[in-house]
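Notes follow the structure.
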Amino acid sequence: MGGWRVRTCVMAIVAAMSATVAAQWPSYPTPGVPRLPDGKPNLTAPAPRTPDGKVDFSGIWNLTFGGGGGGGRGRGGPPAPTTTPDGIPLSQFFEVAGRGYALPLQPWAAELKKKRMADNSKDNPDVWCLPIGLMQYHNHPQPRQIVQTKNLILITYESNYGLRYIYTDGRPAPNNDPTPWWFGYSRGWFEGDTLVVETTNFLGDERAGWLDVNGSPYSDALKMTERFRRPDFGTLEIDITIDDAKAYTKPFTVRVNQRLMVDSEMIEFICNENERSTHHLEKPK
């Protein structure tokens, strides 16, 4: 959602999610989770593996606030870090590279972002119940579920009920000038215990191309390379390289940190149901 709608939505979700989910949504123990003697999940146990020995990324994952995705200050603690120990910017929902990192924007892209911010992000796809872009999905406070099979990985995003396909059957990128995708076309492979995903063929017009709430743009030239790691049972680290020569003068890499949610479920989220806000706004051209 754009501008004040985005900010209001995010604050409401963060404040209300735990109470409303616990009170109104089914809770059932997640099977296959290692447990401590007191029954709590042992999230530092080794990452699970598939029958062929690959790391299994399946599970419901939520953003690690204060550790990259949400930013801000821990309650009563020091400011949250802005980079990983080795200097990779920690991505945030409102700014793709977080605080203190100057994006290498092409002049036209810098002007477009400035205009989007001046308009209070009213043209963000989230306002219009459209797919919000992979970086906004990565950083959204609502969770996402990964389902890993032998030749296909599905990611369902609670926000806007998004669905993403990652093909792991060795296919090449499409070369027949296909219709571009809101989610791009994703192909993945393993390099050791790291899942590498390359995504191209994005729909990159002004309406679709938003890396963050503040409107950092991307174009149809975007190639996004994600490196997923699961160092233990409860931790997901994703390094994302944005390579878009139309919009940026050089590629840049950011980190998203997520944490496993157990004994919980995804909530059905139908953005257009009883939607009463967009008729107050001028539609994007």
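What follows draws every value from the coordinates through simple rules; no lab data is involved. Given the structure is predicted, the values throughout are model-derived calculations rather than measurements. Glycine also receives a Cβ, built like all others from the backbone with ideal geometry; neighbour counts cover every protein chain displayed.
With a/c under 1.5 counting as rounded, go ahead and sort the range 60-212 into rounded, prolate or oblate using the C-alpha gyration tensor (a ≥ b ≥ c being the square roots of the eigenvalues; past the cut-off, prolate if a/b is larger than b/c, else oblate). Spell out each step's value before the answer.
Numbers: a/c = 1.67, a/b = 1.21, b/c = 1.39.
Since a/c reaches 1.5 but b/c is at least a/b, the shape of the range 60-212 is classed as oblate.
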How high is the relative contact order of the range 134-263? Use alpha-carbon pairs under 8 Å, at least six apart in sequence, and give a whole percent.
15 percent
Pair-distance profile P(r), taking every C-alpha pair of the range 184-277, with 10 angstrom steps and integer %:
14, 34, 33, 18, 1
Could you run the Karplus curve 6.51 cos²θ - 1.76 cosθ + 1.60 with θ = phi - 60° over the range 217-230 and give me ³J(HN,Hα) per residue in whole Hz, x for Gly and Pro?
x, 9, 10, 6, 8, 4, 10, 10, 10, 10, 10, 8, 10, 10
Once amide H atoms are placed 1.01 Å from N in the peptide plane, what residues at a sequence separation of 5 or more from residue 204, or on another chain, have their amide H within under 5 Å of its amide H?
220
Going from the fewest other Cβ atoms within 10 Å to the most, one would list 268, 95 as 268, 95
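Rounded if a/c is under 1.5, else prolate if a/b is larger than b/c, else oblate: which is the range 215-256, with a ≥ b ≥ c the root eigenvalues of its Cα gyration tensor? The partial results should precede the final answer.
Numbers: a/c = 3.30, a/b = 3.00, b/c = 1.10.
Prolate, because a/c is 1.5 or more and a/b exceeds b/c.
Kindly rank 167-179, 79-91 from highest to lowest mean number of other beta carbons found within 10 Å of each residue.
Values: 167-179: 10.0, 79-91: 15.5.
Packing order, densest peptide first, comes out as 79-91, 167-179.
If you take the Cα atoms of the range 100-165, find Rg, then find the Kirkwood Rh from the mean of 1/r over all pairs, what is Rg/Rh?
On the way: Rg = 15.2 Å, Rh = 14.0 Å.
Radius of gyration over Kirkwood radius for the range 100-165 works out to 1.09.
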